[in-house]
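Participant: Take this structure first; my questions come after.
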Amino acid sequence: MPELPEVEVVRRGLNEHLVGRTITGVRVHHPRAVRRHDAGPADLTARLLGARITGTDRRGKYLWLLLNTDEALVVHLGMSGQMLLGELPDTRHLRIAAVLDDGTKISFVDQRTFGGWQLTDLVAVDGSVLPVPVAHLARDPLDPRFDAESVIEVLRRKRSEVKRQLLDQTVVSGIGNIYADEALWRAGIRGTRMADRLSRPRLRALLAAAAEVMNDALAAGGTSFDSLYVNVNGESGYFSRSLDAYGREDEPCRRCGTPIRRAKFMNRSSYFCPNCQR
DNA sequence: TATATCTCCTGCGGGC
DNA sequence: TGCCCGCAGGAGATAT
């Protein structure tokens, strides 16, 4: 499942191969993949033709290609989206295909169709220039201008479980279910604890753990449990071997040996150590 | 206004 | 073998 580290790996791959190139062809194979582009597939296709890619950027789980038209092509991978370069061995889940002036083929493949492309304007927000659909997101822990202390103040006002807040992209972006569980495990905090009942040092440790676990995952090329997350070359990351909590139900906690427990939370699974996450 | 829940979607695995 | 059901979960829409 692509979260911040996986999206960043993909962005780096796209940055390496696409910047400076001009889009010469676009074909939308599945309308749902462009459902957030209000003007529809034909408009997206027409406006992308002839546009030159001048850069790439990312906030949280969103990445975008900057265009010479002063617009951005926003890409969200959803749960299973892939941005693949080159020939496609299997076109079953191909949603959008594009071609560049040097012949490079870009395929947006997305089995579960939660992801998509959207062409939007840019706006200035809090010292950053962002695509409109990304403007409401908080900075992520890997952002050089991420301000942990202000996030802590937000969390201290939330009468809600701390894991729920970690997953709220307007509080802190980039964290999904996997890295939320991993950060909570590293910080020794149960996700069901109310955010406003946690001390500032505990919240500080939690945000530091989130940044740490995502940096570790980035260094490993991202997390992969199956073929749903791959980089632009179709390769999986290796960080799943390093997960301490997520997906380890009944396996011994690497800190205290207590079996990791799984519980339903927000209609999804949470993994935690019942002994050292109190 | 703040917080919680529902919904979208596809493929896989388990149970019958 | 075939069918049904639950599960995976990001984020916008809707409900409380």
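The values are calculated or read from the model by the stated rules, or taken from the named source; none is laboratory data. The model shown is predicted, which means the values in this text are computed figures rather than measured ones. Ideal geometry is used to build each Cβ from the backbone, glycine not excepted, and the neighbour counts take in all protein chains shown.
Participant: Considering only the range A:32-52, state which residues are assigned to a helix (DSSP H, G or I) and within 16 Å of DNA strand C (Cβ to nearest atom).
Facilitator: A:ARG32, A:ALA33, A:VAL34
Participant: Limited to the range A:158-211, what total is found for residues that are closer than 17 Å to A:LEU4 by Cα, surrounded by fewer than 23 Cβ atoms within 10 Å (Cβ to Cβ) and of a type in the set (Val, Ile, Thr)?
Facilitator: The qualifying residues number 2.
Participant: A further question follows. Name the pairs whose Cβ atoms lie under 8 Å apart, with the first residue in the range A:59-88 and in contact (Cβ under 8 Å) with a residue 12 or more places away in the chain and farther than 12 Å from A:LEU48 by Cα, the second away from DNA strand C (no atom under 16 Å from the Cβ) and basic (Lys, Arg), and 6 or more positions between them or separate chains?
Facilitator: A:LEU85/A:LYS105; A:GLY86/A:LYS105; A:GLU87/A:LYS105; A:LEU88/A:LYS105
Participant: Still on this model: Condition first: among the aliphatic types (A, V, I, L, M) and without any contact (Cβ under 8 Å) to a residue 40 or more places away in the chain. Now tell me which residues in the range A:41-52 satisfy that.
Facilitator: Result: A:ALA42, A:ALA46, A:LEU49, A:ALA51.
Participant: Further question: Could you list all residues from the range A:256-277 that are within 14 Å of A:TYR246 (Cβ to Cβ) and in a loop (DSSP other than H, G, I, E, B)?
Facilitator: Correct list: A:ILE260, A:CYS273, A:GLN277.
Participant: Also: Please work out which residue is nearest to DNA strand C (Cβ to nearest atom), limiting yourself to the range A:70-98 and to residues that are in contact with a Leu (Cβ under 9 Å, 6 or more places away or on another chain) and assigned to a loop (DSSP other than H, G, I, E, B).
Facilitator: Going through the qualifying residues, I end up with A:MET79.
Participant: Residues in the range A:53-69: is at least one within 16 Å of DNA strand B (Cβ to nearest atom), closer than 25 Å to A:VAL129 by Cα, out of contact with any Leu (no Cβ under 8 Å at 6 or more places or on another chain) and outside any strand (DSSP E or B)?
Facilitator: The answer is no; no qualifying residue exists.
Participant: Could you tell me which residue of the range A:217-253 is modelled with the lowest pLDDT, considering only residues that are surrounded by fewer than 17 Cβ atoms within 10 Å (Cβ to Cβ) and part of a helix (DSSP H, G or I)?
Facilitator: A:ARG241
Participant: For the range A:10-31, what are the residues that are more than 15 Å from A:GLY55 (Cα to Cα) and part of a helix (DSSP H, G or I)?
Facilitator: Answer for the range A:10-31, where residues must be more than 15 Å from A:GLY55 (Cα to Cα) and part of a helix (DSSP H, G or I): just A:PRO31.
Participant: For the range A:110-132, enumerate the residues that are out of contact with any helix residue (DSSP H, G or I) (no Cβ under 8 Å at 6 or more places or on another chain) and either away from DNA strand B (no atom under 16 Å from the Cβ) or of a type in the set (A, V, I, L, M) (or both).
Facilitator: Answer for the range A:110-132, where residues must be out of contact with any helix residue (DSSP H, G or I) (no Cβ under 8 Å at 6 or more places or on another chain) and either away from DNA strand B (no atom under 16 Å from the Cβ) or of a type in the set (A, V, I, L, M) (or both): A:ALA124, A:VAL125, A:ASP126, A:GLY127, A:SER128, A:VAL129, A:LEU130, A:PRO131, A:VAL132.
Participant: Quick one: would you say A:LEU49 is of a type in the set (A, V, I, L, M) and either closer than 11 Å to A:LEU119 by Cβ or surrounded by 14 or more Cβ atoms within 10 Å (Cβ to Cβ) (or both)?
Facilitator: no
Participant: Considering the range A:144-179 alone, what residues qualify as being within 14 Å of DNA strand B (Cβ to nearest atom), assigned to a helix (DSSP H, G or I) and not charged (D, E, K, R)?
Facilitator: Matches in the range A:144-179: A:VAL151, A:VAL154, A:LEU155, A:VAL162, A:GLN165, A:LEU166, A:ASN177.
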